[in-house]
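Below: one structure, written as C-alpha cells.
Values quoted throughout were computed directly from the atomic coordinates according to the rules given, and no laboratory measurement underlies them. Predicted, not measured: the structure shown is a model, and the values here were computed from it. Quick reminder, even Gly has a Cβ in these numbers, built from the backbone with ideal geometry, and neighbours come from all protein chains shown.
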Amino acid sequence: MLKDVLIISGSPKKEGNTSLLVGWFAEGAKSAGANVEIIRAADLEHKVMGCTSCRACQKSSSYRCVINDAVSDCVARFSSADVIVMATPLYFFGASSQLKCIIDRMFSLYKWDNAANTMETPLKGKTFVFLGSGFEDAGFEAFESPFRLTAEYSGMFYKSLVIKNAGISGDIIKLPDVRLKAIELGKEVV
C-alpha cells in the first residue's frame, strides 16, 4: 500500500540544517514509493499563533481547528497521513515558534470525554517521526521529549533522528553519515 507522508518543517530557513534533513528524509521516503508532502510552517498564513483554548473543536465531530486559516488546514491533514514528520532546529531547548504554533493547534485532533475518562484521536496507529538538529550538544533531552511524549500519548509509533553539533546553517552536510541516516529513516518508515 502506498503511504502518505506529511512533513512539517519548522525551520524559518529554506536552506538550513533542518531543511537538509527534511530533503534527505523525503528522498528516502519517495525512493521507497511514498507520496510525500512538505509544508513549511513559516509559510503558513495564520489568524492566531497557537491554540486559543476556545474548545470549540471539542464540540465538533470533525478533527479540525475551528479557526479558519492555513494552520487549521495543515493540522486537519494529519488525519489522512500515514506518517507524520515534524522537523525543527533546536531553539532554546525546544521547537521553533513556527512549529510550536502547529503543535498547539493539534489540540483539535483529540476528543476527550472527561466523564468517561476516554480520549479519541485519528492519530492512533500512525507513525510519528521527529527530525531535529542543534548547533551544539546542549538541551537535547528536553528538545526531543515533547515529540516522544506526544507520540506515546496519541498511540503513534515513534522514530527520531536528532543531530547534535550540526553547526551553523548548512554545516550538517559536513557530518559523516547524516545524509545516509536520514535517507534510510525515510525508507524505513514507509
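The residues packed around residue 98, meaning those with a beta-carbon under 10 Å from its beta-carbon, carry a net charge of +1 if Lys and Arg are +1 and Asp and Glu are -1.
Among the GluC sites (Glu not before Pro) in segment 108-190, those placed in a DSSP loop whose Cβ has at most 16 other Cβ atoms within 10 Å are 136. Within the same chain, lysines fewer than 8 places from residue 174 are excluded, and of the rest, those with a Cα less than 23 Å from its Cα are 13, 14, 164, 187.
Here residue 59 is the anchor, and the aspartates and glutamates within straight C-alpha reach of less than 15 Å, apart from those fewer than 8 places off in the same chain, are 113, 120. Cβ crowding within 10 Å ranks 49, 106 as 49, 106, fewest other Cβ atoms first. Counting pairs of Cα atoms in the chain, how many percent are more than 26 Å apart? Here the tail beyond 26 Å accounts for 29 percent of pairs.
Here's the list of aspartates and glutamates a cross-link from residue 30 could span, going by alpha-carbon distance under 16 Å and ignoring same-chain residues fewer than 8 apart: 4, 82, 184, 188.
Between the Cα long axis of helix 178-189 and the first principal axis of the chain there is an angle of about 40°, rounded to the nearest 10. Extension gain, residue 116 to residue 171: 0.36 nm times the residue separation minus the Cα-Cα distance gives 14.7 nm. Applying 0.36 nm per residue to the separation of residue 188 and residue 15 and subtracting their alpha-carbon distance, the gain on full extension is 59.8 nm. Ratio of Rg to Rh for segment 19-109: 0.99 [Cα atoms; Kirkwood radius as inverse mean 1/r over pairs].
Our helix-only sum for the chain, with -39,500 (n - 2.57) per DSSP H run of n ≥ 4 divided by its residues, gives a mean residue ellipticity at 222 nm of -9500 deg cm²/dmol. With axes computed from alpha carbons, what is the tilt in degrees of helix 140-154 against the longest principal axis of the chain, rounded to the nearest 10 within 0 to 90? In the chain, helix 140-154 runs at an angle near 40 degrees to the longest axis.
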